[in-house]
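Structure first, commentary second.
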Amino acid sequence: MLANSIWMRRVVTLVAVTMSLFHLYVAWFGPPNAFTLRATHFGFALVLAYLTLPFTPSRAEKSPGIMDLILMAAALAASAYPIVNQTYFNTRMAYVGPVSVMDQVMATIMIVTVLEATRRAVGPILPITALVFLGYQIFFTGADLTRLLEYQYMTTDALFGVPAQVSATYVVLFVIFGAMAERFGIGKLFMDFALALTGHTAGGPAKVAVVTSGLFGSVSGSAVANVMTTGTFTIPLMKRIGYPAHFAGAVEAVASTGGQIMPPIMGAAAFVMAEFMGVSYLTVAAYALLPALLYYLAVFLAVHFEARKRGMKGLPRADLPRVGKVLRDEGHLFLPLVIIIATLMSGYSAPFSALAGILSIVPVVLLRKTTRKEFSIPKLIEALQSGAVNSVVVALACATAGIVIGVIAQTGLGLTFTGLVRAAAQDMLLPALILTMMAGIVLGMGMPTTPAYIVQVALLVPALVKLGVSIPAAHMFVFYFAILSAITPPVAIAVYAACGIGRSPVVSTSMTAVRLGLTGYIIPFMFVFGPSLLLIGEWPKVVLTVITATLGVTFLSAGLAGYLFRPAGWLVRILLIAAAFTLIKPGLMTDAIGLGLGLLGALLNRREPDPEHTAEADLEGETHVKMSDLKTGEN
């Protein structure tokens, strides 16, 4: 939290804006050597962390204390040391060259200040995890402490490794892009566009939440930020037309969580994945496209069936924006996203594509009179500051995850863990997948998606690959479950954020979120058994997989909601759910059985009596609420 004093706010603004400008400069002119770039990136992040995050919550409204300033100075010195001595760092040979006392002191300071800053920014679980790994290396492997410090601080394999590279080149730029998009009206465009498309349909506000959160989440890459941005509008609107508070909160939480898997931008872990697999970011986005569309189709159908079951109507068309008018007045604000996609598809790097999108935002906003009022110099400064501050969490999480990766690489723990997983699963794929799913959810509960994904790549992905899972499917599998922890009890952070807005009970909201997002838990198994869902393989097989997967998602959503063409009885629901699970595994036999069960369920549902809506469900009189009666808030 920013300190209240004016001078401290100015210092923070200066540091944050400078950080953003530095990364824009690097994206345009090219990065310096690895140590200089990554150490500078972490230096900015550590300074901002110690200036803006209190040592304890009780100091939240106060200026940094003496201890904060001492830690900040120490972190700055440790970050500057590789930059000042870059020739020494770049030319020395690891494990061969001597490690001076000063090297060891600076390495220790860097590790300690990174772990403490991460505790403040992310919470205690991630730094405790890193300490457990370090403790294992020191006390159980008989590691030489000097060589441990050397590997962590003086190579590009640990603290300054791949996660640091991704954070310093890809992530920070897309975070800046998201901050500028939010400040200059692109978030408002997403909301207006979603209202115009779906606001008038059954349960329209819930569908608005799904569409808006998918659009905005693909830019922000953060489930909680997505909830807090779009949920302030959509949750009250859903409650106003008759959705229970727990259902409204669950819809927003599930829809916002999916933003991290929705191209074109996705979450920070997607950029790490591209580096680990040695492929372009566009390739990762292609892998993610169909599963993400299925995820959002499932949520969309769930709210549609729920609305039909409850007899809900949409908002009156007279109170909604028109698609044509939205596109005429604000449609040009889609251009920055189009520019990013076009630049990526032209073969340019992700950092340059992000830079192109950032540089296009201001000219695009100034292009039309209808949006010109959105721009101002103070807003630009706020956006640059917000982008830097928002990237601090990812930067520190990547630094701490790098420490864990260093321990795993130096000790060979990854190979040991791979053997344990295979032994526990008895070399059978399905048990190994279930164990990996559980580990991913548990890791994701205690840390952000990016470090949770990184740890799984080191510990669990090799085991899946040895059991025959393709490399893209293995990476996407652990990526999904690191994300889904945001809606999985007991630590469902996106649900907590939605509950705060909708004032709904946490337990019922969490349970509803799991039901609405159940397809998300199943999709990873689908692309493990059928990689064609990741656009891998021949096109006829890809098309067939898409068709069967779409039918499976539809049957599952209808079975869980208890509604297809009309309210469904238990027999129909069982048939529909069974059909969905049968369609998970590709193959002519399973597809035929699943299709048969689904069609039988649909036929029986057609013949079921359509009971009258109860007084509670008959909300026809309450749905016609004027948009002007609602506080839409700022996006």
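For the reader, a short list of remarks on this structure follows.
- Note that region 271-332, at 4 °C in a medium of 1.567 mPa s, gets a Stokes-Einstein diffusion coefficient of 84 µm²/s from its Kirkwood radius over C-alpha pairs.
- What you get for region 6-144, charging only the Cβ of Lys and Arg (+1) and of Asp and Glu (-1), is a dipole of about 340 debye around the Cα centre.
- Ordering 175, 323, 251 from the fewest to the most neighbouring beta carbons within 10 Å gives 323, 175, 251.
- Taking every alpha-carbon pair under 8 Å whose residues sit at least 6 apart, region 6-144 reaches a relative contact order of 23 percent.
- Just so you know, the Rg over Rh for region 334-457 is 1.17, from Cα atoms, with Rh as the Kirkwood radius.
- By the helix-only formula, in which each DSSP H run with n ≥ 4 contributes -39500 (n - 2.57) and the sum is divided by residues, the chain has a 222 nm mean residue ellipticity of -23500 deg cm²/dmol.
- For region 398-418 versus region 213-277, the spacing of their alpha-carbon centroids is 31 Å.
- Phi angles of region 195-211 translate, via the Karplus equation with coefficients 6.51, -1.76, 1.60 and θ = phi - 60°, into HN-Hα couplings of 4, 5, 6, 10, x, 8, 7, 4, x, x, x, 5, 5, 4, 4, 5, 5 Hz per residue; Gly and Pro are given as x.
- Percent of Cα pairs exceeding the 16 Å cut-off, where the set is region 89-180: 65 percent
- Size estimate for the chain follows the Kirkwood approach: the inverse of mean 1/r over distinct Cα pairs works out to 25.6 Å.
- Structural descriptor for the chain: relative contact order 18 percent, calculated from alpha carbon pairs under 8 angstrom and at least 6 residues apart.
- Both radii were evaluated on the Cα set of region 537-609; the Rg over Rh quotient, with Rh as the Kirkwood radius, amounts to 1.03.
- Take the Cα radius of gyration of region 6-144 and divide it by 2.2 N^0.38 Å, N being the number of residues; the result is 1.17.
- Residue 563 long-range amide H proximity, modeled H, under 5 Å: 568
- 3J(HN,Hα) from dihedral phi, region 357-364, Karplus parametrisation 6.51/-1.76/1.60, rounded to Hz, x for glycine, proline: x, 4, 5, 7, 4, 4, x, 5
- Remark: relative contact order (region 537-609) = 33 percent; criterion is Cα-Cα distance under 8 angstrom and separation of 6 or more residues.
- Vicinal HN-Hα couplings computed from phi for region 597-606 (Karplus, 6.51 cos²θ - 1.76 cosθ + 1.60; Hz; Gly/Pro x): 5, x, 5, 5, x, 5, 5, 5, 5, 4
- Quotient of Cα Rg and 2.2 N^0.38 Å for region 278-388, N being how many residues it contains: 1.43
- Prolate/oblate/rounded call for region 406-512, Cα gyration tensor, a/c under 1.5 rounded: prolate
- Spatial offset of region 117-150 relative to region 23-57 amounts to 22 Å, using the alpha carbon center of each.
Every number in this text was worked out from the coordinates using simple rules, so none of it is lab data. No experiment lies behind these values; they were computed from the predicted model shown. Every residue, glycine among them, receives a Cβ derived from its backbone with ideal geometry; neighbour counts consider all protein chains shown.
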